[in-house]
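These notes concern the structure reproduced below.
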Amino acid sequence: MTATDAKAGSASQVPGITGGTGGAGSDKTKASRPTIFVKELSRRARKRLLRHFLALSSGDRLLRFGSVLSDDLVSRYVENIDFTRDTVFGVYDRKLRLLGVGHLAFAPREALPSVSASTTKERVAEFGVSVAASARGLGVGTHLFERAAIRCRNVDIDTLYMHCLSSNKVMMHIAKKAGMAIHRDYGEADAYLKLPPANPASVLQEAVQEQVATLDYTIKANLRAALKWLGNLPGIKRD
Ligand SMILES: CC(C)(COP(=O)(O)OP(=O)(O)OC[C@H]1O[C@@H](n2cnc3c(N)ncnc32)[C@H](O)[C@@H]1OP(=O)(O)O)[C@@H](O)C(=O)NCCC(=O)NCCS
């Protein structure tokens, strides 16, 4: 993953992420970034999740999973996501393809000995994230991370953990920006974020974000259905 890769996406190139003014080649200031809706995914999204992960290059799979997973292992990973225990967030484009996915896995604190001493809560959360190469540098990864942090607060978890390669400059940047404490060891990095408890504002913030993302998804789905229907009418050509 190079800085050029990360800077390569632009709102105008990513269908369904709109509102940014930064076009290809322009300087993408934060103000010009598009609006991003983060939606909680259900098991019905497995097919789209698989498509998202299979499209990641081997370099990205290494960064995301810690090893270059084969297509077979990626499929198994998607098949095994436990939606009753974990939470998966996604950002959709206009065609309802997943541009970004954040997997928040919950585990008993004993399962992560490196963090168990720093919390009295029963569970801790581990976060993994990936963004399609075409949508990077637009804030999708940051939004997924922020949403995961709010979820943790609202389900009484005060420690959010991330494991990544210390060479992963983009992820390290996002982690530092979020105020994570980072511990580097032999080319790997463990990052922890201590979270404040939930309050009415954090609960409301998450509820509003989810409602807006659901509305956005519904509009996109209806538009797609309408276009499909129109495309099936005699004499109307689909693009
Ligand atoms: C890491 C990843 C999720 C980031 O997604 P993204 O949507 O591009 O991230 P964002 O746009 O929210 O933020 C990128 C930030 O990194 C910064 N950045 C880009 N290249 C950088 C570099 N070489 N060094 C430091 N920071 C860099 C950007 O300026 C931006 O910071 P800002 O918001 O303060 O301006 C994405 O690159 C990815 O999927 N990588 C492969 C998988 C992976 O590494 N997953 C993480 C392991 S769990």
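The values are calculated or read from the model by the stated rules, or taken from the named source; none is laboratory data. The structure displayed is predicted, hence computed values, not measured ones. As a convention, Cβ positions derive from the backbone with ideal geometry for all residues, glycine included, and neighbour counts pool all protein chains shown. The protein model used for the area step is the full one, side chains on, heavy atoms only, and it has no ligands, DNA or RNA in it. Shrake-Rupley method; radii C 1.70, N 1.55, O 1.52, S 1.80 Å.
Go through (1) assigned to a loop (DSSP other than H, G, I, E, B); (2) farther than 30 Å from residue 119 by Cβ; (3) of a type outside the set (Phe, Trp, Tyr) and name the single condition residue 226 misses.
(1)
Tell me yes or no: at least one residue of the stretch 58-70 is farther than 24 Å from residue 166 by Cα and open to solvent by less than 30 Å² (accessible area, probe 1.4 Å).
Here is the first cut: in the stretch 58-70, the residues farther than 24 Å from residue 166 by Cα are none.
Scanning the stretch 58-70 turns up no residue that is farther than 24 Å from residue 166 by Cα and open to solvent by less than 30 Å² (accessible area, probe 1.4 Å).
From 156, 190, grab the single residue that is open to solvent by less than 50 Å² (accessible area, probe 1.4 Å), outside any helix (DSSP H, G or I) and acidic (Asp, Glu). Lay out the reasoning, then the answer.
On the way: 156 fails: open to solvent by less than 50 Å² (accessible area, probe 1.4 Å).
When all the criteria are applied, what remains is 190.
Would you pick out the residues in the stretch 42-57 that are more than 11 Å from the ligand (Cβ to nearest atom) and assigned to a helix (DSSP H, G or I)?
Result: 43, 44, 45, 46, 47, 48, 49, 50, 51, 54.
Specify the residue that is farthest from residue 199 (Cα to Cα); the eligible residues are those in the stretch 103-131 that are open to solvent by less than 20 Å² (accessible area, probe 1.4 Å) and in contact (Cβ under 8 Å) with a residue 60 or more places away in the chain.
130
Can you find a residue that is at pLDDT 95 or above and within 16 Å of the ligand (Cβ to nearest atom) anywhere in the stretch 158-165? Even if it seems obvious, please write down each step before you answer.
Residues of the stretch 158-165 that are at pLDDT 95 or above, as a first pass: none.
So far as the stretch 158-165 goes, no, none of its residues is at pLDDT 95 or above and within 16 Å of the ligand (Cβ to nearest atom).
Under 7 Å between Cβ atoms, which residue pairs at least 6 apart in sequence (or on different chains) link something in the stretch 141-153 that is over 10 Å from residue 36 (Cα atoms) and of a type in the set (Phe, Trp, Tyr) with a partner that is assigned to a helix (DSSP H, G or I) and within 9 Å of the ligand (Cβ to nearest atom)?
Once the first residue is over 10 Å from residue 36 (Cα atoms) and of a type in the set (Phe, Trp, Tyr) and sits in the stretch 141-153, its partners that are assigned to a helix (DSSP H, G or I) and within 9 Å of the ligand (Cβ to nearest atom) give 145/174.
Got a number for residues in the stretch 66-109 being in a helix (DSSP H, G or I) and modelled with pLDDT under 95? Even if it seems obvious, please write down each step before you answer.
Let us first name the residues in the stretch 66-109 that are in a helix (DSSP H, G or I), namely 71-79, 109.
Okay, now just the ones that are also modelled with pLDDT under 95, so 109.
The qualifying residues number 1.
Please give the number of the condition residue 29 fails out of (1) modelled with pLDDT under 95; (2) open to solvent by less than 50 Å² (accessible area, probe 1.4 Å); (3) among the β-branched types (Val, Ile, Thr).
With (1) modelled with pLDDT under 95; (2) open to solvent by less than 50 Å² (accessible area, probe 1.4 Å); (3) among the β-branched types (Val, Ile, Thr) applied to residue 29, the lone miss is (2).
Among (1) without any contact (Cβ under 8 Å) to a residue 24 or more places away in the chain; (2) more than 10 Å from the ligand (Cβ to nearest atom); (3) in a helix (DSSP H, G or I), where does residue 179 come up short?
All conditions pass for residue 179, except number (3).
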